[in-house]
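> Take this structure, written in structure tokens, and hold onto it; I'll ask about it next.
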Amino acid sequence: MSDLSHDAVEFLSSPWSKTFYRLVESSSEDLFMMSPFIGKDPLERIGQIVSNKGNMHISIVTNLAIDSLVSGSLDIAALLYLAQSIPGLTIIYLPGLHAKVYVFDKCLAIVTSANLTRGGLTSNHEYGVLLRDSSYVSKIQTDVNRYALLGARMGLDSLDSLSEITKDTVAVRREVDRSTRSRLRAILDRKIAEANTQLLVSRAKGRTTQSIFCDTIIYLLEKHGPMETTRLHPLVQQIHPDLCDDTIDRIIDGVHFGKRWKHHVRNAQQALKRRGTIDFDGRRWFRL
């Protein structure tokens, strides 16, 4: 890759909302946004800007964690509204996501500490870089696209169900906060469990446990190089905390969630070895 010149990089400190919205406005073909927290105000502004841009491809990668939905750190209702308003909008749920990356027309990229929220864009103390060098932007786009493929695409029906469950859960939580009655706490726990189940259903749609782990193993070996199983397992768990939850044991639509996840990772390793995709030298797994 070429060295970055002064013109190829711009340092962004708060507030940087004007720069962000200017780049959204100048984008004509492709807009990629990766952020674990997403707020109503930025989504509404983005919707207004891109509403007349025709066949523009827009992707949002986020972490639909129940705590974030209930606290409002991620506005699921606003996300649903944007998905309903923009045909072809792709929303991907990726548990464990922390990265904040924004790519505009595959030629400009922002890597930053800032979430896609009003605070992240304006009032919080955030810092990032805007990159214009084509080789760096291409590498960033490739990396985030490969990472996003490990997540689950959320359809309108899944987003709608999750939005309704979240609304009910927030209402119950407010009642619980005003009361000490155990009955309300039990209702809240059931609502949270219902929301978590809906997320698992969304994760299971159209995939199998083995296919998810196979893609993840390939991704990790290509990213980090050869590694022992003992190093591979925690990295898989970091990417898929819901699939690799040591406290539960359940199957939804053929996808296994819970205690036997290491067994399923080993099965995926063996399946990839039989296909000639990876191999094992007696100590480490490596990509062929």
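The values are calculated or read from the model by the stated rules, or taken from the named source; none is laboratory data. Since this is a predicted model, take the numbers as computed values, not measurements. Counting neighbours? That spans all protein chains shown, and the Cβs are built from the backbone with ideal geometry, glycine included.
> Quick test for you: out of 218, 192, 187, 239, pick the one residue that is modelled with pLDDT of 95 or more and among the β-branched types (Val, Ile, Thr). Even if it seems obvious, please write down each step before you answer.
Values: 192 fails: modelled with pLDDT of 95 or more; 187 fails: modelled with pLDDT of 95 or more; 239 fails: modelled with pLDDT of 95 or more.
It is 218.
> Could you check how many residues of region 79-93 are surrounded by 16 or more Cβ atoms within 10 Å (Cβ to Cβ) and touching a residue at least 60 places away in the same chain (Cβ under 8 Å)?
Count: 6.
> Also, I was wondering about something else. How many of the residues in region 250-267 are touching a Leu at 6+ places or on another chain (Cβ under 7 Å) and either farther than 15 Å from residue 235 by Cβ or in a loop (DSSP other than H, G, I, E, B) (or both)? Steps first, answer last, please.
The first filter runs over region 250-267 and keeps only residues touching a Leu at 6+ places or on another chain (Cβ under 7 Å), leaving 252, 257, 261.
From what is left, the residues that are either farther than 15 Å from residue 235 by Cβ or in a loop (DSSP other than H, G, I, E, B) (or both) are 252, 257.
The number of residues fulfilling the criteria is 2.
> Still on this model: Checking residue 59 against (1) within 11 Å of the chain's Cα centre (by Cα); (2) among the polar types (S, T, N, Q); (3) within 30 Å of residue 188 (Cβ to Cβ): exactly one of these is not met. Which one?
Going through (1) within 11 Å of the chain's Cα centre (by Cα); (2) among the polar types (S, T, N, Q); (3) within 30 Å of residue 188 (Cβ to Cβ) one by one, residue 59 breaks only (3).
> Continuing with the same structure: Looking only at residues in region 31-56 that are part of a helix (DSSP H, G or I) and either not assigned by TED's automatic domain parsing to the domain that holds residue 119 or not aliphatic (A, V, I, L, M) (or both), which one is farthest from the chain's Cα centre (by Cα)?
In this case the residue turns out to be 48.
> All but one of (1) surrounded by 14 or more Cβ atoms within 10 Å (Cβ to Cβ); (2) without any contact (Cβ under 8 Å) to a residue 60 or more places away in the chain; (3) under 30 Å from residue 277 (Cβ atoms); (4) not aromatic (Phe, Trp, Tyr) hold for residue 210, so report the exception by its number.
Here residue 210 clears every test but (2).
> Quick one: in region 143-167, which of the residues that are of a type in the set (A, V, I, L, M, F, W, C) and out of contact with any Asp or Glu (no Cβ under 8 Å at 6 or more places or on another chain) is surrounded by the fewest Cβ atoms within 10 Å (Cβ to Cβ)?
Initial filter on region 143-167 (of a type in the set (A, V, I, L, M, F, W, C)): 144, 148-150, 152, 154, 156, 159, 162, 165.
Narrowing the set further to residues that are out of contact with any Asp or Glu (no Cβ under 8 Å at 6 or more places or on another chain) leaves 144, 148, 152, 154, 156, 159, 162.
Working: 144: 21, 148: 19, 152: 24, 154: 24, 156: 12, 159: 23, 162: 25.
The qualifying residue surrounded by the fewest Cβ atoms within 10 Å (Cβ to Cβ) is 156.
> Before we move on, is residue 119 closer than 30 Å to residue 198 by Cα, of a type outside the set (S, T, N, Q), in the same structural domain as residue 40 (by TED's automatic domain parsing) and part of a helix (DSSP H, G or I)? Reasoning before the result, please.
Details: closer than 30 Å to residue 198 by Cα: yes; of a type outside the set (S, T, N, Q): yes; in the same structural domain as residue 40 (by TED's automatic domain parsing): yes; part of a helix (DSSP H, G or I): yes.
For residue 119, the condition - closer than 30 Å to residue 198 by Cα, of a type outside the set (S, T, N, Q), in the same structural domain as residue 40 (by TED's automatic domain parsing) and part of a helix (DSSP H, G or I) - is met.
> Checking residue 127 against (1) surrounded by fewer than 18 Cβ atoms within 10 Å (Cβ to Cβ); (2) at pLDDT below 95; (3) in contact with a Ser or Thr (Cβ under 8 Å, 6 or more places away or on another chain), only one condition comes out false. Which one?
(2)
> Let me ask another. From (1) hydrophobic (A, V, I, L, M, F, W, C); (2) surrounded by fewer than 20 Cβ atoms within 10 Å (Cβ to Cβ); (3) free of Cβ contacts under 8 Å to residues at least 40 places away in the same chain, pick out the condition that doesn't hold for residue 170.
With respect to (1) hydrophobic (A, V, I, L, M, F, W, C); (2) surrounded by fewer than 20 Cβ atoms within 10 Å (Cβ to Cβ); (3) free of Cβ contacts under 8 Å to residues at least 40 places away in the same chain, residue 170 is out only on (3).
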